Amino acid sequence: MQDITPLYTTEAIATGAGRDGHVRTADGRVDMDLAIPSEMGGSGEGANPEELFAAGYAACFHSALQMVARSAGKDLGDSSVGTRVSIGKAGEGFGLAVALEVVVPALPHDEAQALADKAHQVCPYSNATRGNIRVDVSVVED
């Protein structure tokens, strides 16, 4: 395990029935009810942990992509990162899988893929998941 020197720390609490409960961050910026997705037998009438993870990973990976592009002197133009997070049975429990879809219309595909691969090496979410879950990184057309 790698030690870090914290630059920022946040806190959240989950109450109620877990996936059918409520989450709130200490600063109140996130304060929402959760619901089990209808595909998993729930009402689907609230956010779920996979949606929150997908949003966080997309934003973090896009920042990492912008950082590696800047250091390489590349302009990403109107880039974006989409994240698909899947949950499913894995052995006796459950597991996640992630697909990161990177759009960089300002660069040739091979250049954009090389930057996305570098971003995958520095993104904190990628580092946290590496070796634990499947994460596919691909550059796609807009």
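Here are a few things to note about the model shown:
- Any hit, segment 48-63, residues being over 12 Å from the mean Cα position of the chain (by Cα), over 30 Å from Asp110 (Cβ atoms) and part of a loop (DSSP other than H, G, I, E, B): yes
- Exactly one residue out of Val81, Val68, Val104 is surrounded by 18 or more Cβ atoms within 10 Å (Cβ to Cβ), touching a residue at least 12 places away in the same chain (Cβ under 8 Å) and touching a Phe, Trp or Tyr at 6+ places or on another chain (Cβ under 6 Å): that is Val81.
- Considering residues of segment 11-33 that are acidic (Asp, Glu) and not in a strand (DSSP E or B) only, the residue most open to solvent (accessible area, probe 1.4 Å): Glu11
The values are calculated or read from the model by the stated rules, or taken from the named source; none is laboratory data. Since we're looking at a predicted model, the values are computed, not measured. Every residue, glycine as well, gets a Cβ built from its backbone with ideal geometry; the counts of neighbours run over all protein chains shown. Note: areas computed on protein heavy atoms with side chains; ligands, DNA, RNA excluded. Shrake-Rupley method; radii C 1.70, N 1.55, O 1.52, S 1.80 Å.
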